[in-house]
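The values are calculated or read from the model by the stated rules, or taken from the named source; none is laboratory data. In this text the structure is predicted, and so the values were computed from the model without any measurement. Methodologically, a virtual Cβ is constructed for each residue, glycine included, from the backbone with ideal geometry; neighbour enumeration extends over all protein chains shown. Surface accessibility is based on the protein's heavy atoms, side chains included, excluding ligands, DNA and RNA. Shrake-Rupley method; radii C 1.70, N 1.55, O 1.52, S 1.80 Å.
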Amino acid sequence: MSKYLHSLEIVNFRQFENRRLTFKPGFNLLVGENGAGKTTILRGVLAALGNGPRLKKGEKIVDRDIGLYQDYLTIEAQVNSPFHLTSYFGYTKELGKSKATRYSSEERPLTIFYSSTEAVSSEMKSM
């Protein structure tokens, strides 16, 4: 068994005031209507575990991603591996500060790239 994302905790990030998601080893599926937060969750994983400097302009987390009337956002990921070894990764963005804070209990495990247009495909519209 290899490493896997065990949990993701999101605070003040877009529509999530305080949300904790738990994942199982293997395949996990995010399902929801438009605007439910699927892309926000993927961006949270990318922020906590991914390679920030390589992000394109539209993929970076910016001030407008911070929840309404809040002055920061926090994303924390727990990664589990065999023999109950646990690593923690996090990302904090403060309102008005250009640099975010990244922290981890070990070297970042992944370089993640994803693509999302945040739009419904023509196949989905016909369902």
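Six or more apart or on different chains, Cβ atoms under 7 Å: show the pairs whose first residue is in region 21-39 and over 19 Å from N80 (Cβ atoms) and hydroxyl-bearing (S, T, Y) and whose second is loosely packed, with under 11 Cβ neighbours inside 10 Å and at pLDDT below 90.
What qualifies is T39/E118.
Being in contact (Cβ under 8 Å) with a residue 60 or more places away in the chain, crowded, with 18+ Cβ neighbours inside 10 Å and either more than 11 Å from the chain's Cα centre (by Cα) or on the phi > 0 side of the Ramachandran plot (or both) narrows it down to one residue among V45, V79; which is it?
V79
In region 1-40, how many residues are part of a loop (DSSP other than H, G, I, E, B) and either among the basic types (K, R) or open to solvent by less than 100 Å² (accessible area, probe 1.4 Å) (or both)?
Going through region 1-40 one residue at a time, the tally reaches 14.
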